Amino acid sequence: MEGVQEDMSYTAINPFNGETIREFPTTSDAEVEQALEKADYFYHTAKQQPSTERAAQLEKLAQEFAAHNEKYARLLTTNMGKLITQARSEVKKNVEFAMYYVKNGPAALKPIPYNNVPEKKAHVEFSSIGAVLSVEPWNFPYTQIMRVFAPNFIIGNPVLLKHASIVPECAQAFEDACNKVGIPEGAFKNLFINYNQVNRIIADPRVQGVALTGSENAGRKIAAEAGKNLKKSTMELGGTDVCIVLNDADLKAAVDGAVSARLNNSGQVCTAAKRYIVQSGIYDDFLAGISTAFAARKLGDPLDAQTTLGPLSSKSAQKALHEQVEKVLAGGAQVLWGDTSLPQGPGALFNPLIISGMTPENPMYDTELFGPVAQIYKAETEKEILKIANNSCYGLGGAIYSQNIAHAKELASHIETGQVAINQPLTSYPELPFGGVKNSGYGRELSEMGIHEFVNAKTILN
Ligand code: NAP
């Protein structure tokens, strides 16, 4: 049966030096049952409370992360290799995500009048539905939890977390922070569970929603379990986002944006610029610019402030990406810049690469390369650009660089993804909906759309 994985281990291993930091005991079935009971208790008691009371509790959680940024940031760096500067930024963003729902969550749940039926009055009110299972990836260990927890806590839906097995200290730190600031028992629970336990939780009637962020592969499995049990789900999956550079782009802005969008978080971002599509008039200058910028990156210890490219998240991620690159090259693509050899040693360092010559015939064409490996395409016309951009099974995000913003907006409308940024790398803001189409999944996180994913939108007619 898919999902069998009984010998699960939740172990934090520093990906820079391979040292084991801490192994956590797994959660027993009895503990899962206890967590479900407490979650259900919270669900029922929260129905009697105003959401503003929970907003005040969520604000305390935001304050905890803000007050102890360094403590939380270091766990990100040691568990999954994020540069310490980027780790501090993630903790800040975690605070921003929480504060958005502190300030806007209760208002987003106000009833909406529908007085458009002749001689009738109606309104839609929004209420909680039950526990939500949140299955999250390791690349943004705190903000991925907060995206689901903050809106659902305001609604009154308890959240059960199954985090990626390589970031257990981050998962535990989030739960400890909730307990420390007095988030009510049952509202949030981290579980160190295996895939079978995940499936049983999805089937449990006390659970009414499943939010997954992860790979397409995990999405297919979790969405199938959710579908089998008729549970509402959101799927935030992978992507092969484009970074389009038109002839009239500001070269420096395009190079800076394209490089940070590919190398941030060591290239392990769902909305990273995985494919550069560059118009022929600016192609040579752009390639020279990104090659220089890639070469300037200093690979090393993510805790060292001098390092500008940290390791991948784990030794197995390093091995997997290396094998993928070999297959990409065997399929006919070429290395334009970089060193394909694997850095030796216990760490998961990976040399950045720029690859060209990827064609739809390459068996790796639609594969998401999750690391510092950029693909570049040269195109003459915008028709050609759009053909390459939309020839993907994914549809998460993208970026366009052009000094003609009106024209860039028009082009953005033709890109088959859930979001496009103009003259800047795509990133998430709590105020804006975030999500994809095609194999990048469905549903939206953040903004008022995110808080409406797991609600009972109840119509009352008189
Ligand atoms: P992953 O391997 O799919 O894992 C994601 C989560 O799902 C982990 O907690 C994992 O647990 C769990 N999981 C995987 N298969 C499962 C199964 N059959 N049953 C139950 N749980 C299962 O992804 P990842 O490598 O951690 O993260 C990278 C991927 O996430 C990339 O594809 C990236 O693009 C995507 N991502 C998408 C977004 C977005 O918002 N669209 C944001 C960030 C990342 P274990 O760790 O225990 O295997």
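Considering only 253, 282, 218, the residue lying farthest towards the positive end of the dipole of the range 200-298 is 218, judged by Cα position with unit charges set on Cβ. With both labels modelled 7 Å from their Cα along Cα-to-Cβ, the residue 115 to residue 247 distance reads 5.7 nm. Simple point charges give the picture: +1 on the Cβ of Lys and Arg, -1 on the Cβ of Asp and Glu, and for the chain a dipole about the Cα centre of about 700 debye. Heavy-atom accessible area, probed at 1.4 angstrom with all protein chains present, ranks 128, 280 as 280, 128, highest first.
Placing +1 on the Cβ of every Lys and Arg and -1 on the Cβ of every Asp and Glu, with nothing else charged, gives the range 160-248 a dipole about its Cα centre of roughly 540 debye. Which one of 57, 419, 170 is farthest out on the positive end of the charge dipole of the chain, using unit charges on Cβ (Lys, Arg +1; Asp, Glu -1) and the Cα centre as origin? Selected residue: 57. For residue 462 and residue 383, FRET efficiency with R0 = 35 Å and r from the beta-carbon atoms, rounded to 0.05? Using R0 = 35 Å, I get an efficiency of 0.05. Distance between the 7 Å Cα→Cβ label points at residue 305 and residue 176: 2.5 nm.
Relative contact order of the range 28-146: 26 percent, from C-alpha pairs under 8 Å at least 6 residues apart in sequence. If the chain linking residue 229 and residue 48 were pulled fully straight, counting 0.36 nm for each residue of separation and taking away their Cα-Cα distance, it would gain 62.4 nm. Using a 7 Å offset from Cα along Cα-Cβ at residue 24, what residues in the range 56-72 end up with backbone N under 20 Å from the label point? Correct set: 61-62, 64-66, 68-72. The mean sequence distance of close C-alpha pairs (under 8 Å, at least 6 residues apart), as a share of the length of the range 242-422, puts its relative contact order at 28 percent. Report, in listed order, any pair from 47/231; 378/409; 231/438; 189/319 with a Cα-Cα distance greater than 26 Å. Result: 189/319 exceed 26 Å.
Let me have the 222 nm mean residue ellipticity of the chain computed from DSSP H runs of 4+ only, each contributing -39500 (n - 2.57), with the sum over all residues rounded to the nearest 500.
-13000 deg cm²/dmol
Within the assembled protein chains, the solvent-accessible surface assigned to residue 454 is about 10 Å², based on a 1.4 Å probe.
Can you give the Rg/Rh ratio of the chain, where Rg is from the C-alpha atoms and Rh is the Kirkwood radius?
0.98
Using C-alpha pairs under 8 Å with a sequence gap of at least 6, the mean separation divided by the residue count of the chain gives a relative contact order of 19 percent. The residues of the chain have, on average, 41 Å² of accessible surface per residue, using a 1.4 Å probe with all protein chains present.
Report, in debye and to the nearest 20, how large the dipole of the range 242-422 comes out about its Cα centre when Lys and Arg carry +1 and Asp and Glu carry -1 on their Cβ.
320 debye
For 322, 163, the ranking by accessible surface with the largest value first comes to 322, 163, using a 1.4 Å probe.
Extension gain, residue 320 to residue 340: 0.36 nm times the residue separation minus the Cα-Cα distance gives 5.9 nm. Straight Cα distances below 27 angstrom link residue 315 to the lysines 71, 82, 162, 221, 274, 298, 327, with same-chain residues fewer than 8 positions distant left out. In terms of the mean number of neighbouring beta-carbon atoms within 10 Å, the peptides 309-319, 235-245, 392-402, 180-190 order highest first as 235-245, 392-402, 309-319, 180-190.
Here the gap between residue 356 and residue 103, fully extended at 0.36 nm per residue and compared with their Cα-Cα distance, gives a gain of 86.5 nm. Axis angle, to the nearest 10 degrees, between helix 280-296 and the longest C-alpha principal axis of the chain: 70 degrees.
The values are calculated or read from the model by the stated rules, or taken from the named source; none is laboratory data. Bear in mind the structure is a predicted one, so any value in this text is a computation, not a measurement. Don't worry about glycine lacking a Cβ; one is built from the backbone with ideal geometry, like all the others, and counts go over all protein chains shown. Just the protein is used for accessible areas: all its heavy atoms, side chains included, with ligands, DNA and RNA removed. Shrake-Rupley method; radii C 1.70, N 1.55, O 1.52, S 1.80 Å.
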